[in-house]
Amino acid sequence: MYGVGFFHEMQVLAAKGYVVLMTNPRGSTGYGQSWVAGTLSDWGGADYRDVMAGARRLAELPYVDESRVGITGGSYGGYMVNWAIGQTDFFKAAVTQRSTANRLSLYGTSDYNMMYNDWEYGGTPYENTNLYLERSPLSYVQNVKTPTLILHSENDLRCPISQGEEFFVALMKHGVKTEFVRFPDESHNLSRSGQPKHRVERLERICAWFDERL
């Protein structure tokens with residue numbers, strides 16, 4: 001649920017001629033508690049199906065070229081980008097931002113994940129190790145073919161930069177076209193409260209990656 005604030009980054013992409021779809025999949029808010037709980041022990045399940053249903057419906061529109069659809073997201077959205085490109089070749093370019101790729105290692109390194117992941121995953125990773133690995137995008141990196149740009153802040157405590165590093169190394173090892181951009185002195189909130197020069201560079205890099213590949 002995106003709220004009532006003005007999100008300039010979507011407008012930037014729209015102004016460049018892109019059709020922008022903003023989904024509200026299960027696990028998000030706005031439709032009651034049962035909707036929020038729709039991904040319990042099922043990250044990458046119902047939520048992924050919701051995202052793909054929206055993307056495929058969008059691709060059916062007469063003014064959308066199905067061969068030139070990209071995907072981007074930050075934080076949980078970054079997780080979904082990483083997950084999606086490991087499940088499908090539908091997207092021709094991806095930009096993952098402040099993302100997570102390894103839910104197991106994230107638990108002990110994030111400033112906050114240990115506070116809610118016990119609920120989301122039905123226990124700690126020490127109890128449900130297999131589920132944490134099964135729902136980690138890193139476990140499916142061998143399937144990825146989508147060119148992927150990774151944007152991450154060096155002072156991100158919510159999704160530590162090691163998450164982006166793990167995904168970058170894995171993509172490189174599997175021959176996927178990828179670039180990794182590190183923003184110094186920035187936090188998880190780069191897109192909203194980062195240094196102006198870095199906020200501008202972030203937008204420019206997102207647009208450039210999509211412009212070249214879509």
Please go through region 146-164 and pick out each residue that is touching a Lys or Arg at 6+ places or on another chain (Cβ under 9 Å) and of a type outside the set (A, V, I, L, M).
T146, P147, T148, H152, S153, E154, D156, R158, C159, Q163, G164
Evaluate the following for R56: is it part of a helix (DSSP H, G or I), under 29 Å from N128 (Cα atoms), modelled with pLDDT of 95 or more and open to solvent by 40 Å² or more (accessible area, probe 1.4 Å)?
no
Which listed residue, of E186, E212, is among the charged types (D, E, K, R) and part of a helix (DSSP H, G or I)
E212
Give me a count of the residues in region 4-49 that are closer than 21 Å to T88 by Cα, in contact with a Leu (Cβ under 8 Å, 6 or more places away or on another chain) and part of a helix (DSSP H, G or I).
0
Select from region 110-131 the residues that are under 17 Å from the mean Cα position of the chain (by Cα) and modelled with pLDDT of 95 or more and list them in ascending order.
S110
Could you identify the single residue in Y140, Y79, Y132 that is assigned to a helix (DSSP H, G or I) and either farther than 30 Å from A53 by Cβ or open to solvent by 50 Å² or more (accessible area, probe 1.4 Å) (or both)?
Y140
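Given K197, K145, which one is in a loop (DSSP other than H, G, I, E, B), open to solvent by 80 Å² or more (accessible area, probe 1.4 Å) and at pLDDT 95 or above?
K145
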What are the pairs, 6+ residues apart or on separate chains, where a residue within region 193-206 that is under 17 Å from I150 (Cβ atoms) has its Cβ under 7 Å from a residue that is among the hydroxyl-bearing types (S, T, Y) and assigned to a helix (DSSP H, G or I)?
R202/S191
Enumeration of residues in region 110-129 that are surrounded by fewer than 17 Cβ atoms within 10 Å (Cβ to Cβ) and either in a loop (DSSP other than H, G, I, E, B) or without any contact (Cβ under 8 Å) to a residue 60 or more places away in the chain (or both):
D111, Y112, M114, M115, Y116, D118, G122, G123, T124, Y126, E127, T129
Of everything in region 85-109 that's outside any loop (DSSP other than H, G, I, E, B) and hydrophobic (A, V, I, L, M, F, W, C), which residue is farthest from the chain's Cα centre (by Cα)?
L104
Pick from region 86-109, criterion farther than 23 Å from S67 by Cα and among the small types (G, A, S), ranking: surrounded by the fewest Cβ atoms within 10 Å (Cβ to Cβ)
G108
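The values are calculated or read from the model by the stated rules, or taken from the named source; none is laboratory data. Nothing here was measured: the structure is a model prediction, and the numbers come from that model. Quick reminder, even Gly has a Cβ in these numbers, built from the backbone with ideal geometry, and neighbours come from all protein chains shown. Side chains included, ligands, DNA and RNA excluded: accessible areas come from the protein's heavy atoms. Shrake-Rupley method; radii C 1.70, N 1.55, O 1.52, S 1.80 Å.
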